[in-house]
Amino acid sequence: MTASGPSPLPRLLRDNPDTVTHLLEELTGEPLVADVVRQYSLPAEARNALRVRAGQSVTHRIAVLKGGVTMVPYVYAESAFVPARLPEAARLQLEQTSDPIGRVLAAHRLTHVREDTPASGPGTPRELDDTEAGAAGEAGAAGAAGASPIVWSRAYTLSIDDLPVFAICEWFFRSVQHAVERSTPV
């Protein structure tokens, strides 16, 4: 979805071979942190984007990606991932730090393939409801639903070794649009 008028953001994200973390750090000139709102295990539903059997444990993570210096919110993200498909060190880093998923993948040299998805559940572009927008605000997103509206969203899976490990949906705040307008990525 776009707010108004064409934006270079979808093209930048689509053409970027790296993670959103890396791209946004390049655009903003600051490291990102994942302000994790909630992270918990739940049983997978039948016919899920992660291709795991119904009932298998997956981790649901809700986070706001913010500038590590300015604390400006850039992205509200929901993800579901299969902890059993990650090396233990990467799984622990996701559980115990404020590192974004992209930084964890890079730190452990986990080669991944991104595939856009319209699947339901985590990883589906949609409007944030009042509860979700409130969660983003509570995480310090400076009133994400009002002062920093959503300008675009996308959903995708990340596969490692031909197995989907992450189903991710990202909602990009206007602050990303401003960063794109101010920068020319390398």
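A few notes on this one:
- Restricting attention to segment 67-113, the residues being surrounded by fewer than 18 Cβ atoms within 10 Å (Cβ to Cβ), at pLDDT below 95 and of a type in the set (D, E, K, R) number 1.
- Here Arg91, Arg47, Arg61, Arg53 are screened, and the one residue that is without any contact (Cβ under 8 Å) to a residue 24 or more places away in the chain, among the charged types (D, E, K, R) and touching a helix residue (DSSP H, G or I) at 6+ places or on another chain (Cβ under 9 Å) is Arg91.
- Any chance Leu42 is part of a helix (DSSP H, G or I) and either in contact with a strand residue (DSSP E or B) (Cβ under 8 Å, 6 or more places away or on another chain) or modelled with pLDDT under 90 (or both): no
The values are calculated or read from the model by the stated rules, or taken from the named source; none is laboratory data. Quick caveat, the model's predicted, so the values are computed rather than measured. Reconstructed Cβ throughout: ideal geometry from the backbone, glycine too, with neighbour counts over all protein chains shown.
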